[in-house]
Amino acid sequence: MAHDYIEDLSKHVGQEVELQGWLYNKRSSGKIRFLLLRDGTGVLQGVLVKGNISDDMFSSFDELTQESSLSVKGKVRKDDRAPGGFELELTGFKVIQIAKEYPITPKEHGVEFLADRRHLWLRSARQHAIMRVRHTIIKAIRDFFDGRGFTLIDSPILTPNAVEGTTTLFETEYFDLGKAYLTQSGQLYAEAGAMAFGKVYCFGPTFRAEKSKTRRHLSEFWMVEPEVAFNDLNDNIELAEEFLEHIVQTVLKERADELKILERHTAFLQNVKKPLPRVTYDEAVEILKKKGVAFEWGNDFGGTDETVISEQFDRPVVVHRYPAKIKAFYMKRDPKNPELALAVDVLAPEGYGEIIGGSQREDDLHVLLKRIAEHKLPQSAFEWYLDLRRYGTVPHSGFGLGVERTVGWICGLDHVRETIPFPRMIYRLAP
Ligand code: 4AD
Ligand code: MG
């Protein structure tokens with residue numbers, strides 16, 4: 001039978017509804033019993049008054065344990081003091097199952113304890129808020145590109161070659177064809193897509209056998225990667241700015257309640273509007289030196305360097321033109337200084353670090369061949385990719401945005417492990 005959902009109750013004030021869900025909490029006060037029911041869309045306070053329902057039903061309230069499943073009937077009342085703004089005056093309820101003693105109680109638990117019970121932890125209010133923000137971010141990502149004439153071109157997950165260096169590859173045997181690798185990025189395929197459709201994006205899980213135990217690294221994460229034919233680095237940066245603005249402003253508008261549950265200060269999020277501040281790698285190095293960080297030109301920024309740089313800004317900062325030798329083989333060199341790559345990273349404020357990495361791509365066949373050799377990559381695995389430079393090569397650019405780092409930043413979390421339903425990290429494969 002059709003039943004109602006808590007988030008729709010504002011349409012049913014004064015009416016009788018039937019809801020199904022789980023007991024979140026309960027308490028008694030004299031002849032009144034309160035229960036908090038959650039149904040996945042919200043939490044609702046139900047009130048039982050002795051005399052208004054049968055005595056049997058009233059006493060069976062006492063058997064209800066946390067997370068017991070039940071269906072309830074009652075009349076919806078507006079009540080500003082109740083969590084969610086509505087209250088249900090119960091006329092009856094039916095127990096589906098009395099739950100065993102639930103391991104996650106309202107008291108504080110250690111994060112490892114909770115992570116081991118991730119399948120249950122997802123039921124808690126805070127995780128609920130994070131996952132709803134994540135959902136909205138993903139929808140905003142798709143709406144942004146779908147609304148601008150991009151075609152979705154999904155890239156494969158099992159691939160024959162590396163994209164982002166050979167040190168973080170997960171490999172597996174692939175029938176009689178040798179080794180296959182879990183993709184680190186769909187970019188090379190998105191480039192093929194851009195030559196076929198002009199503006200494309202791919203969006204899927206990507207994998208890095210990262211040996212890092214940082215609060216920013218997962219071994220499986222979701223990345224969206226737009227790729228646009230005829231875009232240069234500047235066009236690419238403008239696309240990234242507009243894209244970030246769209247995501248953040250959408251979340252602020254649609255997930256204000258969730259951000260409140262997460263106690264997120266939103267001042268810096270409100271600032272995410274194009275244009276964003278831009279600095280070159282050289283200027284970013286100057287910032288580090290001014291802040292007393294011992295940093296040598298030519299190195300890549302580590303997590304703490306990114307934190308120091310991004311803390312100088314009250315919104316995301318665009319860093320462009322990195323030393324080519326710390327960047328991927330496919331990046332085009334800066335014609336004004338061939339030591340530099342036409343690379344761009346966007347660093348989130350408040351120490352969240354890199355959320356976007358991208359570049360203009362090398363579009364010259366001969367230069368690209370040289371890069372593949374310099375990076376000691378097997379040319380044969382890249383022949384199909386080289387074809388893109390043989391048949392109508394054009395300038396083109398793109399970037400990748402990591403969903404989990406974006407969720408972590410927007411929600412104000414201190415670790416990416418809470419940003420994805422079931423995180424995969426160097427020391428965690430379960431549940
Ligand atoms: O900077 P990355 O490695 O860039 C690429 O993969 C390019 N091929 C993208 C492109 O140009 N199409 O990764 C892009 C983003 C990072 O900025 C970060 O947000 C995220 O992916 N990312 C990770 N997120 C969580 N855990 C990890 N281990 C991550 N590695 C990268
Ligand atoms: Mg990067």
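The values are calculated or read from the model by the stated rules, or taken from the named source; none is laboratory data. Not measured: the values here are computed from a predicted model. All Cβ positions, even for glycine, are placed from backbone atoms using ideal geometry, and neighbour counts span all protein chains on display. Calculation scope for accessible area: heavy atoms of the full protein, side chains included, ligands and nucleic acids excluded. Shrake-Rupley method; radii C 1.70, N 1.55, O 1.52, S 1.80 Å.
Answer with yes or no whether Glu354 is open to solvent by 10 Å² or more (accessible area, probe 1.4 Å) and more than 9 Å from ligand 1 (Cβ to nearest atom).
no
Name the residues in the range 199-236 that are within 16 Å of ligand 2 (Cβ to nearest atom) and basic (Lys, Arg), would you?
Correct list: Arg208, Arg216.
From the residues in the range 184-213 that are hydroxyl-bearing (Ser, Thr, Tyr) and open to solvent by less than 50 Å² (accessible area, probe 1.4 Å), which one is farthest from Phe170 (Cα to Cα)?
The residue in question is Tyr201.
Looking at the range 25-35, can you tell me whether even one residue there is open to solvent by 60 Å² or more (accessible area, probe 1.4 Å), within 12 Å of Pro83 (Cβ to Cβ) and in the same structural domain as Ser69 (by TED's automatic domain parsing)?
Yes, the range 25-35 contains a residue that is open to solvent by 60 Å² or more (accessible area, probe 1.4 Å), within 12 Å of Pro83 (Cβ to Cβ) and in the same structural domain as Ser69 (by TED's automatic domain parsing).
Specify the residue that is most open to solvent (accessible area, probe 1.4 Å); the eligible residues are those in the range 323-351 that are under 20 Å from Ala162 (Cα atoms) and of a type outside the set (Gly, Ala, Ser).
Checked the range 323-351; the qualifying residue most open to solvent (accessible area, probe 1.4 Å) is Lys325.
Quick one: is Gln379 within 11 Å of ligand 1 (Cβ to nearest atom) and either more than 23 Å from the chain's Cα centre (by Cα) or open to solvent by 60 Å² or more (accessible area, probe 1.4 Å) (or both)?
No; evaluated as a whole, the condition is false for this residue.
Can Phe175 be described as among the aromatic types (Phe, Trp, Tyr), modelled with pLDDT of 95 or more and under 24 Å from Lys332 (Cβ atoms)?
When the stated conditions are applied, Phe175 does not pass them.
Counting just the residues of the range 158-183 that are aliphatic (A, V, I, L, M) and open to solvent by less than 70 Å² (accessible area, probe 1.4 Å), which one comes out farthest from ligand 2 (Cβ to nearest atom)?
Within the range 158-183, the match that is farthest from ligand 2 (Cβ to nearest atom) is Ala180.
Can you name the residue in the range 133-153 that is among the charged types (D, E, K, R) and either farther than 25 Å from Gly408 by Cα or open to solvent by less than 50 Å² (accessible area, probe 1.4 Å) (or both) and is also nearest to the chain's Cα centre (by Cα) among such residues?
Only one residue tops the list, namely Arg134.
One line per residue, one yes/no per condition, for (1) in the same structural domain as Gln249 (by TED's automatic domain parsing); (2) out of contact with any strand residue (DSSP E or B) (no Cβ under 7 Å at 6 or more places or on another chain); (3) under 23 Å from Gly198 (Cα atoms):
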site: Glu374; (1), (2), (3): yes, yes, no
site: Glu383; (1), (2), (3): yes, yes, yes
site: Tyr391; (1), (2), (3): yes, yes, yes
site: Pro395; (1), (2), (3): yes, no, yes
site: Ile410; (1), (2), (3): yes, yes, no
site: Leu413; (1), (2), (3): yes, yes, no
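Take the residues in the range 226-263 that are of a type in the set (S, T, N, Q) and in a helix (DSSP H, G or I); name whichever of them is surrounded by the most Cβ atoms within 10 Å (Cβ to Cβ).
Once the filter is applied, the top-ranked residue is Asn236.
Basic (Lys, Arg), modelled with pLDDT of 95 or more and within 20 Å of Glu225 (Cβ to Cβ), is that true of Arg333?
no
For the range 297-332, name all the residues that are of a type in the set (Ser, Thr, Tyr) and touching a residue at least 40 places away in the same chain (Cβ under 8 Å).
Passing the criteria: Thr307, Ser310, Tyr322, Tyr330.
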